[in-house]
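Participant: Can you keep this structure in mind? I'll have questions shortly.
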Amino acid sequence: MPETRTSWEITSQEVSLVAPEKLRMVKEFLAFAVRTLKTMLLYPQNNPIPSEFKKNLFEKFSNYLDEYEELKLVAEQNKILLSGEVVHEDPPQEEGLALALYRDGIRELIFKNGLKLEELENFLEAIKVALQSKSGEDDLVTLLWEKDYLHLRYTVIEQASDLPEPLLLESTSTEELEKIYYSEISLGEEELAPLQEGKPMLELADLVSEEIARLLKNITSFEREELAEINSLLQIERFYRRQAEAIPILFEILLQEEDSAGFNEVLSLIEKILEEFLADCRFDLAAEVLKQYRKNQEYFRGRLPARADRLALAVEHWGEKDQLSKLAGLLNQDKELPTDQIYQYLVLLSPNSIPQFIGLLGELRTFSSRKLLCQVLEYFAHNHLEQVASGIYDKRWYVVRNLAMILGRTQDPRIATYLKRTLKHSDFRVRKETILALSRLNTAEANLLLVESLADPDRKIRINATRALAAAREKKALEPLWLQINRPDFWERGEDEIKESFEALVSIGEEEGLEYVYNYIRKFQLWHRARYQECKLLALKALEKSSNPNLSGYLEKMTKLKNKTIRTAARRLLDHLTAKSQRKKEQTDAGKN
Amino acid sequence: MPEKTDFGAVIPGPETDQTRLVELGKILVNQLYVTFKTAQIYEQNNLAFLKQSQNLARVVEKILDQNQQLYLQLKNGYLFLNDTRLKFDFAGYIGNKFFIEEMQRTQIGSIYIQPGVTQRELDKFTYLLVHAEAQSQSLFETIEKRLSDIGANHIVLEELPPEEYRPTPDQEQDSRLIAKRTFFKAISVVKEVMSNAREQKLINLARAKRVVQSLVDQILKDQKLFLELSTIKNFDEYTFVHSANVAVLCIILGLRLGLDRKELAELGFAALFHDIGKVKLPIDLINKPGEFDEFDWEQMRKHPTMGVKTLISARSLDDFTTRAVVVCFEHHLTLDLTGYPKIREKRILNLHTRILQIADAYNAMTSGRVYMKTSIAPFEVLRKMWRLAGKGFDPVLLKLFVNIMGIYPVGSLVLLDTEEVAVVYQANADNIYRPKVKIIADRSGKKPAPISVDLNETIGGGNFSKSIVRVLDAEKYGIEVGSYVVDY
């Protein structure tokens, strides 16, 4: 509890001879305290830098208090003193530590040995809040009071404005104010009857219920059930939701407003608290407000359509560009945010905010925030595909890339129409994402687009398209694949692409694919034989993927080719397949027995 | 999140060492209280005392088994067990308060009990504390020496540091002055805020918050004085005194329930401004001559919602404002949600609202602000409030309130069996039927200087010297009870 004195009781301390070492220590850790406060103001709360500073400061404090037991500081307007010696001075024209204390009436601070880290952190946090407070609502004294300090005391002066007015003056309250203060407790006639002296307190005839009789049976002590009742009341308090409690109250009042002026007044109060919730990163509460907007919109729709429209406009307002820009500013700070709560809030906004979300996607700097916004757009895309898809016309490739991903996640067949455009995007990263998106669909239209991508100038895109087509077993890809393989520069492509191409041929084509591969392998090459040999070997290897019963026939044929390397490889593969088949048969027979 | 059982009681979350220690600490303090009380009545070899002492020994043993030490310390007005602060709820309030006062009285700052302590040592120790008297040295020194003489080697005491001392009479006088100042500051703050709200000026509630926190601190120190102050009725600033009185009564009731400091401050703040909405009522309603009709009351009943609007527009929605908003909105709703304003969705009335309803009604009726403008004796008010228990007031909270105020609350004018007239100035927590009174008129009707008497004190043979026969109507006799209760 703070000690309160009047200003004339805080006399300047006697200037005593303070040991230089003591003075040095105090100056040092006060300077460090100021730096600590600066890091707290600069960095987010859970950032390791201010945490480290606080720990170091605590160590310095503890060392001092271990040696000297107590630290008593006096605050002046821009200075802090220890036994009359200045140990800290605020920079000129700057609101520093000394002024923060002095302004709110704190004149003395006493730290005691045993000070805990938590106490020091709370103390610094209170000063930080007081320094940041613009409205003057947060007073350092009230902030400090809320924490129960065991090893910190402070003295607050009673300022002139705090002194109560003199007693027994003539009433300055007006008659009208006095009239207002009638209580509305209405008593029945019997209760207003003249007081009967001597009527005992505990007349059971007065009771209204058995429950009251039980309560009065023993007025001076509490039975177990009564204690349980009190505990139950206290436990209900534990579920008190603080700021959230104001939301249903405001909406109850909103419902009761008879005239438009009152309705608009309450709406503006709701806006005010929503603004505060967003500024405090209480997105859960902000989401609750939006839910209430919608709920009440429904309520008014059949009764007072103008009010329903007004509520719809209110929701629109929170999805407007300037509002979302503030959110972007928050998301771009390097601090941990409750992303699931932000998601819950954003998905409650109007679909008319989609263009703003898309715009925002290009402004966010952190991966986690972009991911969040993508999830939000994905949510909207299910029912508002066209609006979300309009983002593919954005000039920023990274926005278009994300949109392609979002569309792909919806797995809506209609997205192929939009992805047709992104497939032709100049940036290969967009095209790559488009391929991935198309591969999720497995529709005829999507597969046709994938087939087109086989001719993409980018290798990775071709590979992804090939893979996707193989997985989809798209027959229309066979001929284009064969065309690619027969390109004169096919052998220049990377091993991975060559391998993928042959494997796709085999899995899509089945027997036809086998025929293609066999024809490729037995083809005579005049130039670049070594490279072609490698391709042929890759083609042969790709045959492992085939489950066609005629595979062994083709392999037999290959074992009779002139090319010794091919013959050997074919024989090896055939033997391997035969052995595998035999093993399988033996297992099956063993299973039957 | 703790589990809820079917019937609503909550099973606490998983136990930690600290929560176990706190629970044991509460049991210890409660047992010390019971043992001390028994020691006051019975001899050391009496079975009743021995039974309690045995219970005490068991608790001590359990603590020593689990923690290897038992170090009970009084610091900053709180009790600590092995450096862990003990927080007491409603059930432990009286024991906690009693034990702290005992430690202050005997100037004991801490009690260190070592493993190996016997029940015999504990018996002697308890008995010694209860019956020790200061001799040539201080009470603490006397006790310390006696402890050594009786061979209680496993119990070590430390003296209370000066800052923890009970105030000297001069310091008490200072405390009373500070308490009065705080109370009148509260009145002044209410007036300032209400006036600014009425004139649509900027409302600064930060000062109110400070005053409320001071109120809480002062009431924690000495609630009795504030109950005395709440009897002032004819003070010119009474329109705002009501809010301050209600805040005081709320904080006292909340304190008994075991609410912590912050919750008490929220409660006090909410109480100060529960009627802030009234300043927004239309001028023509205020200026209307004569009494209000039904339509006027209809307007009046909008003040809860007006209060909510005023509070939210004045401040950011912090914990204080939110609580004030909730209480402001609910305070004319009954437990079954009749009353006003009419609401669409069911809700459970907030605990703070329930507390305020009792305090508000009590203060309003005892101060003549009821519709008919007649004040009603406190005793009678409580009786009338019982009729509304279960609908208008939470019944168990009301019972608790009666226990705090006493059957004869502070400010009651009573007739004694000696035909003297007295004013109740303090309730006795030990016996709510026997408060402390100031005799203001003798049997012949003469008014000597008031004499203070504790009706709970016994004379020879265990009899009471005086008893209350009936309650009198102070207004009927033209007696201003407040002037006898507190000097202002």
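The values are calculated or read from the model by the stated rules, or taken from the named source; none is laboratory data. No experiment lies behind these values; they were computed from the predicted model shown. Counting neighbours? That spans all protein chains shown, and the Cβs are built from the backbone with ideal geometry, glycine included. Remember, those area values only see protein heavy atoms, side chains included, never the ligands or the DNA or RNA. Shrake-Rupley method; radii C 1.70, N 1.55, O 1.52, S 1.80 Å.
Participant: Just one of the numbered conditions (1) out of contact with any Pro (no Cβ under 8 Å at 6 or more places or on another chain); (2) outside any strand (DSSP E or B) is not true of B:Leu74; which one?
Facilitator: The single condition B:Leu74 does not satisfy is (2).
Participant: Within the range B:443-453, which residues are at pLDDT 85 or above and either open to solvent by 50 Å² or more (accessible area, probe 1.4 Å) or in a loop (DSSP other than H, G, I, E, B) (or both)? Full working, then the answer.
Facilitator: Initial filter on the range B:443-453 (at pLDDT 85 or above): B:451-453.
Scanning the range B:443-453 gives B:Ile451, B:Ser452.
Participant: Can you say whether A:Asn442 is touching a residue at least 12 places away in the same chain (Cβ under 8 Å) and not hydrophobic (A, V, I, L, M, F, W, C), as far as the supplied structure shows? Explain how you work it out, then say what you get.
Facilitator: Values: touching a residue at least 12 places away in the same chain (Cβ under 8 Å): yes; not hydrophobic (A, V, I, L, M, F, W, C): yes.
When the stated conditions are applied, A:Asn442 passes them.
Participant: Right, another one. Can you say whether A:Glu237 is more than 17 Å from A:Leu348 (Cα to Cα) and either facing chain B (nearest Cβ under 10 Å) or modelled with pLDDT of 85 or more (or both), as far as the supplied structure shows?
Facilitator: yes
Participant: Further question: Looking only at the range B:375-404, how many residues end up being outside any helix (DSSP H, G or I), crowded, with 23+ Cβ neighbours inside 10 Å and in contact with a Ser or Thr (Cβ under 8 Å, 6 or more places away or on another chain)?
Facilitator: Summing the residues that are outside any helix (DSSP H, G or I), crowded, with 23+ Cβ neighbours inside 10 Å and in contact with a Ser or Thr (Cβ under 8 Å, 6 or more places away or on another chain) in the range B:375-404 gives 2.
Participant: In the range B:454-478, which residues are surrounded by 12 or more Cβ atoms within 10 Å (Cβ to Cβ), among the hydrophobic types (A, V, I, L, M, F, W, C) and more than 14 Å from chain A (Cβ to nearest Cβ)?
Facilitator: Answer for the range B:454-478, where residues must be surrounded by 12 or more Cβ atoms within 10 Å (Cβ to Cβ), among the hydrophobic types (A, V, I, L, M, F, W, C) and more than 14 Å from chain A (Cβ to nearest Cβ): B:Leu455, B:Phe464.
Participant: Here are A:Leu346, A:Leu337, A:Leu377, A:Leu373: which of them is under 20 Å from A:Ala287 (Cβ atoms), at pLDDT below 90 and either aliphatic (A, V, I, L, M) or more than 15 Å from the chain's Cα centre (by Cα) (or both)? Write out each step before concluding.
Facilitator: Details: A:Leu346 fails: at pLDDT below 90; A:Leu377 fails: at pLDDT below 90; A:Leu373 fails: at pLDDT below 90.
Of the residues listed, the single one that is under 20 Å from A:Ala287 (Cβ atoms), at pLDDT below 90 and either aliphatic (A, V, I, L, M) or more than 15 Å from the chain's Cα centre (by Cα) (or both) is A:Leu337.
Participant: Report yes if some residue within the range B:220-239 is modelled with pLDDT of 85 or more and assigned to a helix (DSSP H, G or I); otherwise report no.
Facilitator: We begin by selecting, within the range B:220-239, every residue modelled with pLDDT of 85 or more; these are B:220.
So of that shortlist, the ones also assigned to a helix (DSSP H, G or I) come out as B:220.
Checking the range B:220-239: at least one residue is modelled with pLDDT of 85 or more and assigned to a helix (DSSP H, G or I).
Participant: Another question, then. Within the range A:315-333, can one find any residue that is within 17 Å of the chain's Cα centre (by Cα) and not in a helix (DSSP H, G or I)?
Facilitator: Yes, the conditions are met somewhere in the range A:315-333.
Participant: Kindly list the number of the only condition in (1) part of a loop (DSSP other than H, G, I, E, B); (2) away from every other protein chain (no Cβ under 14 Å) that fails for B:Phe125.
Facilitator: (1)
Participant: Let me ask something else about it. Among (1) facing chain A (nearest Cβ under 9 Å); (2) touching a helix residue (DSSP H, G or I) at 6+ places or on another chain (Cβ under 9 Å); (3) farther than 21 Å from A:Lys272 by Cα, which single condition is B:Glu266 missing?
Facilitator: Result: B:Glu266 fails condition (1) only.
Participant: Follow-up question, since we're still on this one. Kindly establish whether A:Arg429 is within 27 Å of A:Ile358 (Cα to Cα) and not in a loop (DSSP other than H, G, I, E, B).
Facilitator: yes
Participant: Would you mind telling me which numbered condition in (1) open to solvent by less than 50 Å² (accessible area, probe 1.4 Å); (2) touching a residue at least 24 places away in the same chain (Cβ under 8 Å) B:Thr38 fails?
Facilitator: Of the numbered conditions (1) open to solvent by less than 50 Å² (accessible area, probe 1.4 Å); (2) touching a residue at least 24 places away in the same chain (Cβ under 8 Å), the odd one out for B:Thr38 is (2).
Participant: Is there any pair linking a residue in the range B:255-269 that is over 15 Å from A:Leu143 (Cα atoms) to one that is open to solvent by 10 Å² or more (accessible area, probe 1.4 Å) and of a type in the set (Asp, Glu), with Cβ under 7 Å and at least six apart or on different chains, and which?
Facilitator: B:Gly258/B:Asp89
Participant: Looking only at the range A:119-138, how many residues end up being in a helix (DSSP H, G or I) and either among the basic types (Lys, Arg) or modelled with pLDDT of 90 or more (or both)?
Facilitator: First pass over the range A:119-138, keeping only residues in a helix (DSSP H, G or I): A:119-132.
When the remaining residues are screened for being either among the basic types (Lys, Arg) or modelled with pLDDT of 90 or more (or both), the result is A:119-128.
The total comes to 10.
Participant: Take B:Val130 and tell me if it is open to solvent by 10 Å² or more (accessible area, probe 1.4 Å), in a loop (DSSP other than H, G, I, E, B) and on the phi < 0 side of the Ramachandran plot. Please lay out each step first, then the result.
Facilitator: On the way: open to solvent by 10 Å² or more (accessible area, probe 1.4 Å): yes; in a loop (DSSP other than H, G, I, E, B): no; on the phi < 0 side of the Ramachandran plot: yes.
No: the conditions fail for B:Val130.
Okay, residues lined up against (1) modelled with pLDDT of 95 or more; (2) over 13 Å from A:Tyr345 (Cβ atoms):
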site: A:Phe277; (1), (2): no, no
site: A:Lys291; (1), (2): yes, no
site: A:Tyr299; (1), (2): no, yes
site: A:Pro305; (1), (2): no, yes
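Participant: Restricting attention to the range A:399-425, report how many residues are hydroxyl-bearing (Ser, Thr, Tyr) and open to solvent by 80 Å² or more (accessible area, probe 1.4 Å).
Facilitator: 1
Participant: I'd like to check something: does the range B:300-312 contain any residue that is in a loop (DSSP other than H, G, I, E, B), of a type in the set (A, V, I, L, M, F, W, C) and either in contact with a helix residue (DSSP H, G or I) (Cβ under 9 Å, 6 or more places away or on another chain) or facing chain A (nearest Cβ under 10 Å) (or both)?
Facilitator: To start, the set of residues in the range B:300-312 that are in a loop (DSSP other than H, G, I, E, B) comprises B:301-302.
When the remaining residues are screened for being of a type in the set (A, V, I, L, M, F, W, C), the result is none.
Within the range B:300-312, none of the residues are in a loop (DSSP other than H, G, I, E, B), of a type in the set (A, V, I, L, M, F, W, C) and either in contact with a helix residue (DSSP H, G or I) (Cβ under 9 Å, 6 or more places away or on another chain) or facing chain A (nearest Cβ under 10 Å) (or both).
Participant: Could you please let me know if B:Val402 is without any contact (Cβ under 8 Å) to a residue 40 or more places away in the chain and within 11 Å of chain A (Cβ to nearest Cβ)?
Facilitator: Numbers: without any contact (Cβ under 8 Å) to a residue 40 or more places away in the chain: yes; within 11 Å of chain A (Cβ to nearest Cβ): yes.
Answer is yes for this residue.
Participant: So in the range B:178-205, with the set limited to residues that are of a type in the set (Gly, Ala, Ser) and open to solvent by 10 Å² or more (accessible area, probe 1.4 Å), which one is farthest from the other protein chains (Cβ to nearest Cβ)?
Facilitator: To start, the set of residues in the range B:178-205 that are of a type in the set (Gly, Ala, Ser) comprises B:179, B:186, B:188, B:195, B:197.
Still in the list and also open to solvent by 10 Å² or more (accessible area, probe 1.4 Å): B:188, B:195.
Values: B:Ser188: 5, B:Ser195: 9 Å.
Across the range B:178-205, the extreme among qualifying residues is B:Ser195.
Participant: So, one more: If you check A:Lys545, A:Lys541, A:Lys584, A:Lys592, which single one turns out to be among the basic types (Lys, Arg) and over 57 Å from the mean Cα position of the chain (by Cα)?
Facilitator: A:Lys592
Participant: From A:Leu254, A:Leu216, grab the single residue that is at pLDDT 85 or above, open to solvent by less than 70 Å² (accessible area, probe 1.4 Å) and assigned to a helix (DSSP H, G or I).
Facilitator: After applying the criteria, what remains is A:Leu254.
Participant: Sticking with this one: Would you mind telling me which numbered condition in (1) outside any helix (DSSP H, G or I); (2) facing chain A (nearest Cβ under 9 Å) B:Leu337 fails?
Facilitator: In the conditions (1) outside any helix (DSSP H, G or I); (2) facing chain A (nearest Cβ under 9 Å), B:Leu337 misses (2) alone.
A quick yes/no check of all residues on (1) on the phi > 0 side of the Ramachandran plot; (2) away from chain A (no Cβ under 12 Å); (3) open to solvent by 10 Å² or more (accessible area, probe 1.4 Å):
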residue: B:Ile63; (1), (2), (3): no, yes, no
residue: B:Asn67; (1), (2), (3): no, yes, yes
residue: B:Gln73; (1), (2), (3): no, no, yes
residue: B:Tyr78; (1), (2), (3): no, no, yes
residue: B:Arg85; (1), (2), (3): no, no, yes
residue: B:Ile94; (1), (2), (3): no, no, yes
residue: B:Glu102; (1), (2), (3): no, yes, yes
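Participant: Given the criteria aromatic (Phe, Trp, Tyr) and touching a helix residue (DSSP H, G or I) at 6+ places or on another chain (Cβ under 8 Å), does B:Phe80 qualify?
Facilitator: In short, no.
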